1. Could you grab the pairs with beta carbons closer than 6 Å, sequence gap of 6+ or different chains, first residue in region 78-102 and farther than 22 Å from Arg50 by Cα and near ligand 3 (Cβ under 10 Å from one of its atoms), second one among the β-branched types (Val, Ile, Thr) and not in a loop (DSSP other than H, G, I, E, B)?
2. Being in contact with a strand residue (DSSP E or B) (Cβ under 8 Å, 6 or more places away or on another chain) and among the hydrophobic types (A, V, I, L, M, F, W, C), is that true of even one residue in region 35-56?
3. Is one or more of the residues making up region 84-91 assigned to a helix (DSSP H, G or I), under 22 Å from Pro20 (Cβ atoms), open to solvent by less than 40 Å² (accessible area, probe 1.4 Å) and within 11 Å of ligand 2 (Cβ to nearest atom)?
4. Filter region 92-105 for residues that are outside any loop (DSSP other than H, G, I, E, B) and open to solvent by 70 Å² or more (accessible area, probe 1.4 Å) and give the result.
Amino acid sequence: MIIAILLALLTLPALAAEPPAPPKAKAGTTCIESPSVMRRDHMEMLKHQRDDTLRLGIRGAKASLKGCVDCHSTTTAEGRPVPVNAEGQFCQSCHAYAAVKPDCFECHATTPAVKEAAR
Ligand code: HEC
Ligand code: HEC
Ligand code: HEC
């Protein structure tokens, strides 16, 4: 009985859906760190950046949320920007899977600045 429960617990994660493959970033760009580092550390990088910006007034350091959105948002076939936190989009695809709901986009833009989006 105990062995059966242990076995069930061990196999559970394997039964869960495969992690999503998020949409590709803007072509011809490189991320601010390697994808494996980004997958592991982006939350901490962003939070530190946020703290520095709000408390110390530092801007322009590399972990910029605006930067993530510039490279990681997609556009529709008609060229309209799709929010990075829309279903299936870059940030949201993983976060839905990981069941995290960062509040960032209540204040921060989910699409690149109009100038870029219009191109
Ligand atoms: C209540 C509103 C609010 C929320 C929620 C919020 N921020 Fe911000 N954030 C700001 C403001 C205001 C600034 C300063 C704007 C500036 O620097 O131009 C800022 C600046 C930043 C910056 C530096 C500027 C940039 O574009 O990179 C980062 C990084 C950042 N926030 C990350 C986050 C992250 C990550 C979250 C979610 C975990 C978050 N913020 C949630 C209001 C918010
Ligand atoms: C200059 C463009 C650029 C910026 C800015 C950028 N990225 Fe990336 N990012 C990429 C590219 C290119 C890749 C490689 C995978 C791809 O092509 O989609 C990538 C990969 C990633 C991955 C791994 C994705 C995967 O499929 O495993 C994560 C996570 C990530 N970025 C998060 C972020 C976050 C969070 C920010 C903002 C702090 C950010 N990126 C800023 C271009 C960028
Ligand atoms: C490859 C998958 C993946 C992608 C793509 C991704 N994230 Fe995440 N993110 C995660 C996971 C997993 C967590 C939860 C980590 C944890 O709980 O330790 C997380 C957590 C976060 C957190 C902290 C949330 C909290 O409540 O503590 C922030 C902020 C965040 N991500 C921002 C972003 C932004 C902005 C993007 C898009 C530019 C993005 N992430 C794209 C996987 C991803």
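The values are calculated or read from the model by the stated rules, or taken from the named source; none is laboratory data. Worth saying up front: this structure is predicted, and the values here are computed from it rather than measured. Heads up, the Cβs are rebuilt from the backbone with ideal geometry, glycines too, and the neighbour counts pull from every protein chain shown. Heavy atoms of the whole protein, side chains included, go into the accessibility calculation; ligands, DNA and RNA do not. Shrake-Rupley method; radii C 1.70, N 1.55, O 1.52, S 1.80 Å.
1. Gln89/Val82
2. No: region 35-56 contains no residue that is in contact with a strand residue (DSSP E or B) (Cβ under 8 Å, 6 or more places away or on another chain) and among the hydrophobic types (A, V, I, L, M, F, W, C).
3. Within region 84-91 (the criterion being assigned to a helix (DSSP H, G or I), under 22 Å from Pro20 (Cβ atoms), open to solvent by less than 40 Å² (accessible area, probe 1.4 Å) and within 11 Å of ligand 2 (Cβ to nearest atom)), the answer is yes, since at least one residue qualifies.
4. Of everything in region 92-105, just one residue is outside any loop (DSSP other than H, G, I, E, B) and open to solvent by 70 Å² or more (accessible area, probe 1.4 Å), namely Tyr97.
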